[in-house]
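Note sheet for the following structure.
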Amino acid sequence: MPSSHKLLFARHVEDRLASTRALLGELGYDSLLIHSGRAEFRLFDDQAPPFRAHAAFASWLPLPFAEDCLLEIRVADRPRLWFLQPRDYWHLPPSPPADWWQDAFDIELVEEREQWAECFDRSRALAVIGRRRDLAEQLGGAELNPSALIAGMAEARTVKTGWERECMARANDIAARAHLAAADVFESGGSELEIHLAYLAAAGQDQDQLPYNSIVALNEHASVLHYQHRSARRPSSARSFLIDAGADFCGYAADVTRTWTMPENRDFDDLLDAMERVQQGLCKQITAGISFVDLHRQAHLDIAAVLEQAELVRMSPEEMVESGVSSYFFPHGLGHFIGAQVHDVAGKVDSDGQPLPPPERYPFLRLTRRLEPGNVLTVEPGLYFIPILLEQLKASAFADRVNWSQVEGLVPLGGIRIEDNVLVTEAEPVNFTRQSFNRIQD
Ligand code: GLY
Ligand code: MN
Ligand code: MN
């Protein structure tokens with residue numbers, strides 16, 4: 001790690017400590033214990049899904065895969081990490097603490113989790129973050145996941161520290177490299193599985209390390225918003241390719257989508273160019289003070305204008321948005337906060353923790369706040385040809401406004417999504433994803 005990372009990380013911990021201590025004082029707690037979590041077997045099985053620490057822990061320590069660790073934060077002392085390194089010959093224990101992060105903590109290396117159980121008895125007013133099933137025996141009179149504390153800590157996470165920004169910029173570098181490798185395999189006719197494996201190889205990360213399950217969708221699969229399979233069969237005709245795949249850097253996520261096509265699909269290629277312009281226009285509007293709900297509405301208007309210009313729908317953009325027709329083609333939200341978890345916390349509350357529900361018409365919008373400097377969010381407009389939604393549109397009062405032969409001709413290409421990760425600043429937004437692609441392609 002470069003020495004600048006050590007400094008950024010130390011400042012990150014100081015920053016989080018200051019806000020957490022203030023919160024503990026305000027809420028009357030002496031100390032806080034954050035448990036990293038524990039893998040859980042499937043029912044009647046001795047196999048567990050790959051373990052990942054929850055983000056309330058991973059946003060303090062670059063240990064996203066460390067099980068059964070405990071971070072102790074007291075109002076006065078330095079934070080202390082009870083770092084479990086079991087003497088286990090079945091599994092590889094986590095690496096010992098690294099120089100660049102360990103100075104920010106007092107570290108107790110423990111071989112068994114019973115060795116940190118004593119922490120639970122030391123405080124008068126103790127708050128604990130973790131799962132009841134993992135901690136039931138130790139809890140005693142401690143308060144588990146108190147909502148005011150959880151909400152306050154989530155609020156602090158909405159403004160990213162320098163360290164977090166650096167992590168997400170580096171995660172985007174990894175993702176951009178891997179996206180370009182994936183596109184090459186699409187162009188040479190590879191299967192979804194071959195593309196996926198090329199992505200992982202180029203990222204140097206296995207699927208378990210990535211912040212979410214990659215969506216690797218050829219042709220009509222691109223219209224399945226969370227398409228979850230990766231077919232091993234090579235397509236007889238590779239028409240379009242949507243890949244939504246991220247990367248991890250020290251527990252922080254990139255969440256990137258690109259859509260590709262072959263030049264012979266002229267109409268789809270034109271739509272792709274138009275959506276690229278829409279996405280870039282929206283990214284430029286990511287400035288402090290704007291309402292993300294307003295920007296989501298703007299995205300609907302912009303996408304509706306694409307549908308009108310392509311003569312897919314004979315309605316003005318305003319009419320399309322007003323009537324809800326645009327939602328048949330763009331049914332998800334424009335974006336979400338991103339950080340130590342891909343859909344990061346506190347997107348739908350105000351800074352006092354009061355709910356900010358999305359408008360009834362846009363129930364899937366995950367970010368409803370006004371943006372402020374330090375927020376990092378995704379901007380991911382989409383335009384899809386989803387058979388289930390097209391059937392509903394065909395049954396609606398607006399069916400005769402749609403150029404069905406052209407729309408149905410686009411169904412085998414699935415759809416388009418373009419997704420970047422953008423930092424809000426006092427001035428121009430910083431688009432981590434474009435910076436990463438530009439660095440590689442220059
Ligand atoms: N990859 C999940 C999302 O874009 O929100
Ligand atoms: Mn996303
Ligand atoms: Mn995504």
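The values are calculated or read from the model by the stated rules, or taken from the named source; none is laboratory data. Keep in mind that what you see is a predicted model, and the values were worked out from it rather than measured. Here Cβ is always computed from backbone atoms with ideal geometry, including for glycine, and neighbour counts include all displayed protein chains. Each accessible area value is taken on the protein alone, full model and side chains, heavy atoms only, with ligands, DNA and RNA left out. Shrake-Rupley method; radii C 1.70, N 1.55, O 1.52, S 1.80 Å.
Within region 115-162, can you find the residues that are in contact with a Phe, Trp or Tyr (Cβ under 7 Å, 6 or more places away or on another chain), among the small types (Gly, Ala, Ser) and more than 25 Å from residue 344 (Cα to Cα)? Answer for region 115-162, where residues must be in contact with a Phe, Trp or Tyr (Cβ under 7 Å, 6 or more places away or on another chain), among the small types (Gly, Ala, Ser) and more than 25 Å from residue 344 (Cα to Cα): 125, 140, 142. For region 404-417, the condition of being part of a loop (DSSP other than H, G, I, E, B), over 20 Å from the mean Cα position of the chain (by Cα) and exposed (fewer than 14 other Cβ atoms within 10 Å of the Cβ) holds for none of the residues. Considering every residue within region 371-385, establish whether at least one is open to solvent by less than 50 Å² (accessible area, probe 1.4 Å), assigned to a helix (DSSP H, G or I) and either among the aliphatic types (A, V, I, L, M) or under 21 Å from residue 224 (Cα atoms) (or both). Among the residues of region 371-385, not one is open to solvent by less than 50 Å² (accessible area, probe 1.4 Å), assigned to a helix (DSSP H, G or I) and either among the aliphatic types (A, V, I, L, M) or under 21 Å from residue 224 (Cα atoms) (or both), which makes the answer no.
Let's see how each residue does on (1) open to solvent by less than 10 Å² (accessible area, probe 1.4 Å); (2) at pLDDT 95 or above; (3) more than 14 Å from ligand 2 (Cβ to nearest atom):
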site	(1), (2), (3)
213	no, yes, no
220	no, yes, yes
229	no, yes, yes
235	no, yes, yes
247	yes, yes, no
257	yes, yes, no
275	yes, yes, yes
298	no, yes, yes
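Sort out which residues of region 134-179 are of a type in the set (Gly, Ala, Ser) and over 26 Å from residue 418 (Cβ atoms), and write them in order of number. Explain how you work it out, then say what you get.
Taking region 134-179 as the starting set, the residues that turn out to be of a type in the set (Gly, Ala, Ser) are 136, 140-142, 147-148, 151-152, 154, 156, 162, 169, 171, 175-176, 178.
Of everything in region 134-179, those that are of a type in the set (Gly, Ala, Ser) and over 26 Å from residue 418 (Cβ atoms) turn out to be 136, 140, 141, 142, 147, 148, 151, 152, 154, 156, 162.
Going by the structure shown, is residue 248 under 30 Å from residue 162 (Cα atoms), out of contact with any Asp or Glu (no Cβ under 9 Å at 6 or more places or on another chain) and not in a helix (DSSP H, G or I)?
Yes: the conditions hold for residue 248.
The residue that is least open to solvent (accessible area, probe 1.4 Å), counting only those in region 153-209 that are without any contact (Cβ under 8 Å) to a residue 40 or more places away in the chain and not in a helix (DSSP H, G or I), is 204. Set side by side, the residues 64, 96 differ, and just one is within 22 Å of residue 208 (Cα to Cα) and modelled with pLDDT of 95 or more, which is 64. Scanning region 276-312 for residues that are touching a strand residue (DSSP E or B) at 6+ places or on another chain (Cβ under 6 Å) and β-branched (Val, Ile, Thr), we see that the one that is nearest to residue 427 (Cα to Cα) is 286.
Just to be sure before I move on: is residue 90 crowded, with 18+ Cβ neighbours inside 10 Å and of a type in the set (Phe, Trp, Tyr) in the structure I sent?
Working: crowded, with 18+ Cβ neighbours inside 10 Å: no; of a type in the set (Phe, Trp, Tyr): yes.
So residue 90 fails the test.
Conditions tested, residue by residue: (1) more than 14 Å from residue 379 (Cβ to Cβ); (2) in a loop (DSSP other than H, G, I, E, B); (3) within 16 Å of ligand 3 (Cβ to nearest atom); (4) not charged (D, E, K, R).
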site	(1), (2), (3), (4)
254	no, no, yes, yes
264	yes, yes, no, no
277	no, no, no, no
283	no, no, yes, yes
301	yes, no, no, yes
306	yes, no, no, yes
327	yes, no, no, yes
331	yes, yes, yes, yes
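Within region 122-148, the set of residues being part of a loop (DSSP other than H, G, I, E, B) and not charged (D, E, K, R) comprises 123, 125, 130, 136, 138, 139, 140, 141, 142, 145, 146.
Please verify whether residue 365 is within 16 Å of ligand 2 (Cβ to nearest atom) and modelled with pLDDT of 95 or more, treating the condition exactly as stated. The answer is yes for residue 365.
Figure legend. Inter-residue proximity from region 239-263: first residues at positive phi, second residues in a loop (DSSP other than H, G, I, E, B) and within 16 Å of ligand 2 (Cβ to nearest atom), beta-carbon distance below 8 Å, spacing 6+ or different chains. Indicated pairs: 251/340. Identify, by number, the condition in (1) without any contact (Cβ under 8 Å) to a residue 24 or more places away in the chain; (2) over 30 Å from residue 407 (Cα atoms); (3) away from ligand 3 (no atom under 16 Å from the Cβ) that residue 343 doesn't meet. Failing condition for residue 343: (3). If you filter region 201-224 down to residues that are under 16 Å from residue 342 (Cα atoms) and out of contact with any Asp or Glu (no Cβ under 8 Å at 6 or more places or on another chain), you find that the one that is farthest from ligand 1 (Cβ to nearest atom) is 208. What residue, among those in region 317-364 that are more than 23 Å from the chain's Cα centre (by Cα) and among the β-branched types (Val, Ile, Thr), is most open to solvent (accessible area, probe 1.4 Å)? Here the residue is 321.
Among the criteria (1) touching a strand residue (DSSP E or B) at 6+ places or on another chain (Cβ under 9 Å); (2) over 25 Å from residue 240 (Cα atoms), the one residue 413 does not fulfil is (2).
Residues in region 386-400 that are open to solvent by less than 70 Å² (accessible area, probe 1.4 Å) and part of a helix (DSSP H, G or I): 387, 389, 390, 393, 399.
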